[in-house]
Amino acid sequence: MSTLHTVNKSPFERNALTSCTGHLLAGDAVLMIEDGVLGARTGSSAVAVVQAALESGSVYALAPDCAARGIKPDDLIEGVQLVDYAGFVDLVAQHQRTVAWL
Amino acid sequence: MAQKKKFLYLNRKAPHGTIYALESLEVVLIGAAFEQDVSLAFLDDGVFQLMAGQDTTAAGMKNFSRTFKALGDYDVRKFYVERESLAERGLTVEDLMPITYEDENEDYAEKPSIHLVGRAELAAIIADQDVVLSF
Amino acid sequence: MTMQYKIGDIVAEHDEEGYLTDITVWNKDLALLIAKSENIEMTPEHWEVVDFLREYYEEYQIAPAIRILVKEMKKKFGPEKGDQKYLYQLFPYGPAKQACKIGGLPKPTGCV
């Protein structure tokens, strides 16, 4: 009965990512999209939050949104997986519900 | 009739600076016609939507906070307010409007709609829903 | 094009469905005029519903949906008046819609 959480805001501007990860249950997945992918890059102040999320579930970043922002696969925090649009659809289908953190 | 589904409206924005809160309320009112099992959650700045004593007169805006008090009549009777979000903002439940509903099954006794929940409890409430709508 | 109700030198703008654009300009004369355009002859029973809706709006900032109107009218005036058929006799094109329009209130949320 797991949940897919989407985050579309930069963690440096809003608390969407922090609030999201504060409400995760084991087995949940987080998908960063739009400006949310800014939190997927290694070396930032958001790393600890992402790492905490990785402990309870999986974390994904939408590849086209990363590419558009110049975030390369090698830049990602270890454990964060890239998905394309088809992968996004698969994630939605694999979970019982989707919660958007705006 | 199809089985009732559990709908949760997740409210995370303060009331008057953006349109989110008012839009959420409008969707709740429209959705109430479908007679589903509806809950509202207030967390992060969303807790400010329930502040007592909002007066929008001078700001020239609609004071839709009063509309929350009508929701009991629309069978929207579960308001989950996150304790941590209140505390982070220096608020307690006493800062919020009292919101009640009348229980038809108990001679129209007035009962509180607001339930304080911890972050972990709210996570479990989210995980118990069929549909979560975010605002 | 703006659409207006006119009584003497009072002019009140309304939308394409006849709801007042600015609810603060409402008064009883205007209500009678709107009622006339809806083919309704206002009786004390009509006023009871219109006044009730205005009080409800004042308190909750919304016009109630029809089922809520019925429920609340029943609570206040008893089962005879808290009745869908009774309300439709007074306002044949929908009590919530027509009575709100006459009362100068916006269209009830959830009404299409």
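The values are calculated or read from the model by the stated rules, or taken from the named source; none is laboratory data. This is a predicted model, so every value here is computed, not measured. Ideal geometry is used to build each Cβ from the backbone, glycine not excepted, and the neighbour counts take in all protein chains shown. For the accessible areas, the whole protein counts, side chains as well, though only heavy atoms, and no ligand, DNA or RNA atoms are used. Shrake-Rupley method; radii C 1.70, N 1.55, O 1.52, S 1.80 Å.
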message = Summing both sides, how much accessible area is buried between B and A? Use a 1.4 Å probe and give Å² to the nearest 100.
response = 1300
Principal-axis tilt of helix B:20-31 within chain B, Cα atoms, nearest 10 degrees = 20
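First compute the accessible area of chain B with a 1.4 Å probe, then give the percent of it belonging to carbon and sulfur atoms.
Numbers: 3420 of 6440 Å².
With neighbouring chains kept in place, the figure for chain B is 53 percent.
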note = Here the net charge surrounding B:R83, from other residues whose Cβ is less than 12 Å away from its Cβ (Lys, Arg +1; Asp, Glu -1), is -2
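Working with all protein chains in place, sort B:M51, B:M97 by solvent-accessible area computed with a 1.4 Å probe, largest first. Mind showing how you got there, number by number?
On the way: B:M51 50, B:M97 15 Å².
Heavy-atom accessible area, descending, gives B:M51, B:M97.
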remark   = Counting only residues 5 or more apart in sequence or on a different chain, those whose built amide H sits under 5 Å from that of A:A100 are A:T6, B:S134
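Round to a whole number: what % of the accessible area of segment C:3-102 belongs to carbon and sulfur, probe 1.4 Å? Intermediate results must be reported in sequence, preceding the final value.
Working: 2710 of 5420 Å².
Ligands and nucleic acids excluded, carbon and sulfur give 50 percent.
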ask   = How large is ³J(HN,Hα), in whole Hz, for each residue of segment B:85-95 in order, when computed from phi with the Karplus curve 6.51 cos²θ - 1.76 cosθ + 1.60 and θ = phi - 60°, using x for Gly and Pro?
value = 5, 4, 4, 4, 9, x, 10, 10, 4, 5, 7
inquiry  = Once you place label points 7 Å from the Cα toward the Cβ at C:Y93 and B:H115, how far apart are they in nm?
reply    = 4.4
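Using only DSSP helix segments of four residues or longer, with each worth -39500 (n - 2.57), what per-residue ellipticity at 222 nm results for the protein assembly as shown after dividing by its residue count and rounding to 500?
Rounded to the nearest 500, the figure is -9500 deg cm²/dmol.
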query = Taking accessible area as the heavy-atom solvent-accessible surface of the protein chains with a 1.4 Å probe, which residues of segment C:62-93 lose no less than 30 Å² upon going from the isolated chain to the full protein assembly?
reply = C:I62, C:R67, C:I68, C:K71, C:K75
ask   = Between their Cα atoms, which of B:K6/C:K75; C:K36/C:K85; B:K4/B:K62; A:K9/B:K111; A:K9/B:K5 are more than 26 Å away from each other?
value = B:K6/C:K75; B:K4/B:K62; A:K9/B:K111; A:K9/B:K5
query = Counting other Cβ atoms within 10 Å of each Cβ, which GluC sites (Glu not before Pro) in segment C:39-112 have at most 12 and sit in a DSSP loop?
reply = C:E41, C:E80
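Taking every eigenvalue of the Cα gyration tensor of segment A:3-101, multiplying by 5 and rooting it, what semi-axes result, largest first, whole Å? Kindly include the intermediate steps, with their values, before the conclusion.
Details: eigenvalues 63, 48, 28 Å².
The three semi-axes for segment A:3-101 are 18, 16, 12 Å.
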